[in-house]
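Presented below is the structure to which this report refers.
Throughout, read-outs are computed from the coordinates displayed, never taken from laboratory work. Quick caveat: nothing in here was measured; it's all calculated off a predicted structure. All Cβ positions, even for glycine, are placed from backbone atoms using ideal geometry, and neighbour counts span all protein chains on display.
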Amino acid sequence: MSDATSHVPEDMSPTPSRSELGPALTWLARLSLAGVFLAAAAPKLADPVAFAAAIANYQAFPDASVNLIATLVPALELVGALALLTPWRRGGALLLAGLLLGFTALLAVSLARGLDLSCGCFGASASETADPVSALHLLRNLGLLALAALVLAAPRPAGVR
Amino acid sequence: MFSHDDLRELLILTALGALVGFVHLVLRPGLPVLAEPAAACTLAEPARAEPPPEALRSELPEDVP
C-alpha cells in the first residue's frame, strides 16, 4: 500500500513558500498602515481646531505655524494612507515614514522635557489627560516605521514609473 | 536605496496632501491658517483678577470682594 501523501506535489503543500509569504506580508503591512493612518486622519480633519490645540500643547512650534501644521498633517496622513492602497505604495510609505519620524522626534522631546500632555495622535481627546504621552507611543511609532520599511523593502510594482 | 521614481512619487503626494489640506480649509472654515492663539492678556488690557479659591475665601474678612 503506497503512502498517499508522497504523491502530493510540492506546490500543493499547505505551508506557503517564501516567495508567496513576501507579497502577503507586504499586503498586510500596507493594509495595517493605511488603516492606522486613516483612523488617525479622520478625527483631525473633522475637528482641526481641537487638533491645533493639541499641537500647541507640545510647545514645540511657533504659535503662528500651529494652525498650518494642523491643516497639513491630517491631509498628508490621508493622502499617504490612500497611496498605500494604490501602485504608488512606495511614495505613500515614504511620506508616512517621514511623518512618523517627525512624530517620534516630537514625542521623544516631549518625554525628555517631562511634559504631561495628551498625545493627540488620533485627534484631540475630550480630556487633556486622556492618552498621555508615554514611551508606549514611541514603541508604537517604531512598530509603524517597521511596517513602512517592510513596504519599502518590496520591489517596485511592474509597470509603475 | 530610493529611486528617482520613489522621490517623484513622494513629492507629488506631498503636494497633493498640501492641496487637500488647503481645500479642506477653504471648504470648512473655522481655523485661520496663520492666526495666533488668543493671548490670555495683552499690554493694552490688564490681566483679569481672578477671585481666590473657595478654601481661601472662607479665611477672608466679609468686606473683601
Exercise. What list do you get for A:ARG30, B:ARG28 if you sort them by fewest beta carbons within 10 Å?
Worked result: B:ARG28, A:ARG30
For this session: Can you tell me the order of A:81-89, A:133-141 when each peptide is scored by its average per-residue count of other Cβ atoms within 10 angstrom, highest first?
Result: A:81-89, A:133-141
Problem set entry | Three-way shape label, segment A:20-152, alpha-carbon gyration tensor, a/c 1.5 | prolate
Problem set entry | Shielding of A:79-87 by partner chains, average beta-carbon count, 10 Å | 3
